[in-house]
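In what follows, a single structure is set out as structure tokens and then discussed.
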Amino acid sequence: MEFAELIKTPRVDNVVLHRPFYTAVEGTLCLTGHHLILSSRQDNTEELWLLHSNIDAIDKRFVGSLGTIIIKCKDFRIIQLDIPGMEECLNIASSIEALSTLDSVTLMYPFFYRPMFEVIEDGWHSFLPEQEFEFYSSATSEWRLSYVNKDFSICPSYPPTVIVPKSIDDEALRKVAAFRHGGRFPVLSYYHKKNGMVIMRSGQPLTGTNGRRCKEDEKLINATLRAGKRGYLIDTRSLNVAQQARAKGGGFEQEAHYPQWRRIHKSIERYHVLQESLIKLVEACNEQTHNMDRWLGKLEASNWLTHIKEILTTACLAAQCIDREGASVLIHGTEGTDSTLQVTSLAQIILEPRSRTIRGFEALIEREWLQAGHPFQQRCAQSAYCSSKQKWEAPVFLLFLDCVWQILRQFPCSFEFNEHFLIMLFEHAYASQFGTFLGNNESERCKLKLQQKTMSLWSWVNRPSELSKFTNPLFEANNLVIWPSVAPQSLQLWEGIFLRWSRSSKYLDEAYEEMVNIIEYNKELQAKVNVLRRQLAELETEDGLRESP
């Protein structure tokens with residue numbers, strides 16, 4: 001298919017653009033295969049370059065021969081185009097609709113994008129499982145790398161390389177995979193160097209109504225326990241939902257077969273419930289009401305902060321089991337690709353200082369989201385405005401980023417990255433020139449040949465010129481476990497995401513700049529103090545030498 005077939009009117013003059021925080025501007029609208037571009041001859045006006053993949057929904061309306069297109073973006077922006085001529089307006093609208101809903105992944109912009117910057121580091125090879133294993137192997141010899149899934153035949157949503165207990169061979173892993181949802185047998189998610197406890201993750205066991213069991217599964221899980229120690233099974237579904245899953249062939253671990261493990265159910269919502277929550281929240285944030293009761297009522301009705309609280313509470317529980325109880329943990333829901341990953345990754349933010357650095361956080365996203373099989377292509381296909389909802393869309397990753405922001409806000413000096421870093425990741429998960437978030441798992445990314453045909457997001461982010469934008473000036477390395485408050489009073493609406501198009505951040509940005517300047521000035525003064533101290537010490541030494549006979 002040629003893009004030209006979809007573009008009925010490639011160019012229209014005298015189009016007026018309205019967008020947040022800019023005055024209306026008249027210019028020429030151009031449509032390309034991947035971008036909507038509006039450029040103006042007026043002085044000091046910034047061109048609009050909008051990826052078609054960032055468009056969530058469009059509305060049209062007409063007054064006489066003047067047409068208006070309202071574009072609602074996946075990053076929650078709303079843009080208005082006033083187009084002279086009804087035919088041109090209809091043509092532009094139908095072209096945008098067609099180009100923003102392309103079925104084939106290989107027609108998306110990352111396959112056509114060519115970087116204008118020098119690639120210093122190939123991000124596709126920055127965070128391999130072997131490197132992670134090397135990090136752990138210095139502290140323990142009880143684990144090994146398994147290549148049992150090297151052709152993705154055991155588990156299509158797992159990477160080719162996983163970390164498993166050394167005492168469990170590949171044949172046993174094959175049997176365990178047949179007993180777990182989607183072949184997702186328990187694998188290592190995190191090793192706590194302080195006490196040797198681990199977090200593992202998996203899919204639900206396929207016990208069914210007959211209470212089916214798997215000796216190899218029991219052996220694998222028990223291999224993570226120390227003598228005389230108990231472990232915790234954290235199921236991210238309510239007991240009722242887990243019991244209902246048995247009727248469909250799923251289920252949960254029976255106490256009789258896993259006597260050393262205590263099962264805890266923590267209900268975390270998924271799928272359409274989360275999607276509806278996001279839609280209601282964005283609707284509330286966009287409403288220009290000055291009625292306090294109405295705003296608070298809509299915020300509460302969205303349940304967004306309740307979901308944040310549920311996820312953070314479960315992550316804190318997992319971290320407490322590891323650090324305070326000295327017990328290992330296995331986490332799963334149904335598939336183990338959504339709420340499971342939210343909990344395992346947030347527990348690591350709490351427990352592991354490395355995950356609070358820029359590279360450590362990138363490694364966490366690679367390991368616990370991309371390689372672990374979170375279906376980004378499905379979950380992020382639409383955002384808060386699209387009316388044609390599929391059942392698999394859900395803001396799972398955005399909820400995770402929001403939880404990280406809540407912790408960052410409570411511990412502003414413990415993170416090397418800033419809020420802009422989290423916002424950038426949200427934007428690229430939904431629409432990007434990079435191939436990192438394309439596909440639903442490693443198997444799909446392999447078939448698409450993303451490493452050969454697209455650029456990694458990390459290749460761009462990890463260049464010094466970009467890193468400086470995402471670095472937190474308040475950062476001071478904190479090697480302690482950090483315990484966030486999950487009290488309702490401690491959780492706030494993330495204005496940087498949900499209110500950024502309705503409330504100007506001009507004054508906040510100016511205050512941030514001033515803070516950076518003060519910190520830099522403080523560093524300069526500190527350096528001068530250190531020089532003067534050295535000079536004083538040298539002078540005192542010389543005086544001492546002169547005075548000695």
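The values are calculated or read from the model by the stated rules, or taken from the named source; none is laboratory data. Since we're looking at a predicted model, the values are computed, not measured. Don't worry about glycine lacking a Cβ; one is built from the backbone with ideal geometry, like all the others, and counts go over all protein chains shown. These area figures cover heavy atoms from the full protein model, side chains too; ligands, DNA and RNA do not enter into them. Shrake-Rupley method; radii C 1.70, N 1.55, O 1.52, S 1.80 Å.
Tell me whether the chain comes out rounded, prolate or oblate; compute the Cα gyration tensor, take square roots of the eigenvalues as a ≥ b ≥ c, and use a/c under 1.5 as the rounded threshold.
Details: a/c = 1.77, a/b = 1.16, b/c = 1.53.
Note, shape of the chain comes out oblate.
Rank Ala319, Tyr385, Val461 by how far each Cα sits towards the positive end of the charge dipole of the chain (+1 on Lys, Arg Cβ; -1 on Asp, Glu Cβ) and give me just the farthest.
Sorting the options by dipole projection puts first Ala319.
At 7 Å along the Cα-to-beta-carbon direction for both His420 and Glu47, put a label point, then send me their distance in nm to one decimal.
Here the modelled spin labels are 2.2 nm apart.
Between Asp59 and Ala98, what length in nm is gained on full extension when 0.36 nm per residue of separation is reduced by their alpha carbon distance? Write down the numbers at each step before the final one.
Values: separation 39, 0.36 × 39 = 14.04 nm, distance 1.40 nm.
Residue separation times 0.36 nm, minus the Cα-Cα distance, leaves 12.6 nm.
Just list whichever of Lys72/Lys391; Lys248/Lys391; Lys72/Lys309; Lys175/Lys391; Lys8/Lys280 have alpha carbons separated by over 23 Å in the model shown.
On the way: Lys72/Lys391 21 Å; Lys248/Lys391 18 Å; Lys72/Lys309 29 Å; Lys175/Lys391 31 Å; Lys8/Lys280 35 Å.
Listed pairs above 23 Å: Lys72/Lys309; Lys175/Lys391; Lys8/Lys280.
Can you pull the one-decimal nm distance between simple spin-label points at Gln80 and His18, each 7 Å off the Cα toward Cβ?
So the two model labels end up 0.1 nm from each other.
Going by average Cβ density within 10 Å per residue, which order do the peptides 361-372, 47-58, 286-297 take, highest to lowest?
Numbers: 361-372: 22.7, 47-58: 19.2, 286-297: 10.3.
Per-residue Cβ counts within 10 Å, averaged per peptide and sorted highest first, yield 361-372, 47-58, 286-297.
For Lys447, give me every one of the lysines with a C-alpha distance below 19 angstrom, ignoring sequence neighbours fewer than eight places off in its own chain.
Lys150
Would you be so kind as to identify all helices of the chain, as entire DSSP H runs, whose Cα atoms reach 27 Å or more along the helix's own axis and whose mean Kyte-Doolittle hydropathy is at least 0.0?
Numbers: long enough: 304-323 (28 Å, 0.73); 506-547 (61 Å, -0.82).
Length and hydropathy pass: 304-323.
Any chance you could check the Cα centroid distance between the stretch 131-155 and the stretch 173-193 for me, in angstrom?
If we compute the Cα centre of each part, the gap is 12 Å.
Quick one: if the Förster radius is 56 Å, what FRET efficiency do His272 and Leu525 give, using the C-beta to C-beta distance and rounding to 0.05?
Details: r = 56 Å, r/R0 = 0.99.
The formula returns an efficiency of 0.50 here.
With Cβ to Cβ distances under 12 Å as the rule, what net charge do the other residues near Tyr507 carry (K, R +1; D, E -1)? Mind showing how you got there, number by number?
On the way: positive: Arg503, Lys506; negative: Asp509, Glu510, Glu513, Glu514.
Once all neighbours under 12 Å are counted, the net charge is -2.
With the cut-off at 1.5 for a/c, could you classify the stretch 96-196 from its C-alpha gyration tensor as rounded, prolate or oblate?
Verdict is oblate for the stretch 96-196.
Consider a paramagnetic label point 7 Å from the Cα of Ser388 along Cα→Cβ; state which residues of the stretch 77-117 have an amide N under 13 Å from it.
94-104
Express the accessible area of the stretch 467-549 per residue in Å², computed with a 1.4 Å probe while the remaining protein chains stay in the model.
Details: 6340 Å² over 83 residues.
Value for the stretch 467-549: 76 Å² per residue.
Compute the separation of the alpha-carbon centres of the stretch 1-37 and the stretch 85-100 and state it in Å as a whole number.
Comparing the Cα centres of the stretch 1-37 and the stretch 85-100, I get a distance of 10 Å.
What's the center-to-center distance, using Cα atoms, between the stretch 245-261 and the stretch 394-441 in Å?
Cα centres, the stretch 245-261 to the stretch 394-441: 34 Å.
How many percent of the accessible area of the chain is carbon or sulfur, using a 1.4 Å probe? Don't skip to the answer; put the middle values down first.
On the way: 13300 of 25560 Å².
Reported share for carbon and sulfur atoms: 52 percent.
Can you give the local net charge around Gln260? Use residues other than it whose beta-carbon is closer than 13 angstrom to its beta-carbon, Lys and Arg +1, Asp and Glu -1.
Details: positive: Lys219, Arg226, Lys229, Arg230, Arg262, Arg263; negative: Glu218, Glu253, Glu255.
Residues close to Gln260 contribute a combined charge of +3.
What is the distance, in nm, between label points placed 7 Å from the Cα along the Cα-to-Cβ direction at Met116 and at Ser465?
It is 1.0 nm.
Suppose R0 equals 56 Å; then what is the FRET efficiency for Gln452 and Asp543 from their Cβ-Cβ distance, rounded to the nearest 0.05? Working shown, then result.
Details: r = 69 Å, r/R0 = 1.22.
My answer for the efficiency is 0.25.
Considering only the stretch 112-219, what is the antiparallel percent among its DSSP beta bridges, to the nearest 5? Can you show the working numbers first?
Details: 9 of 9 bridges.
Percent antiparallel among DSSP bridges in the stretch 112-219 is about 100.
Name the residues whose placed amide hydrogens come within less than 5 Å of the amide hydrogen of Trp143, ignoring near sequence neighbours (fewer than 5 apart) on the same chain.
So Trp143 has HN proximity to Lys166.
Once you keep just the Cα pairs under 8 angstrom separated by 6 or more residues, what percentage relative contact order results for the chain? Could the numbers behind the result be given before it?
On the way: 912 pairs, mean separation 81.0, N = 549.
Relative CO of the chain lands at 15 percent.
Highest mean first, what order results for 327-336, 378-387 on Cβ atoms within 10 Å?
327-336, 378-387
Which of the aspartates and glutamates could be linked to Lys193 by a straight reach, that is with a Cα gap under 12 Å, when you skip same-chain ones fewer than 8 residues away?
Straight-line reach from Lys193, under 12 Å: Asp323, Glu352.
Among all the lysines, which ones have a C-alpha under 17 Å from Lys506's C-alpha, if same-chain residues fewer than 8 places away are not counted?
Lys469
Run through the DSSP bridge list for the chain and note the antiparallel percent, rounded to the nearest 5.
Details: 41 of 53 bridges.
Percent antiparallel among DSSP bridges in the chain is about 75.
Estimate the FRET efficiency between Glu495 and Thr140 by the formula 1/(1 + (r/R0)^6), using the beta-carbon distance for r and 51 Å for R0, to the nearest 0.05. Each step should come with its number before you reach the end.
On the way: r = 42 Å, r/R0 = 0.83.
Given R0 = 51 Å and the Cβ-Cβ separation, E is 0.75.
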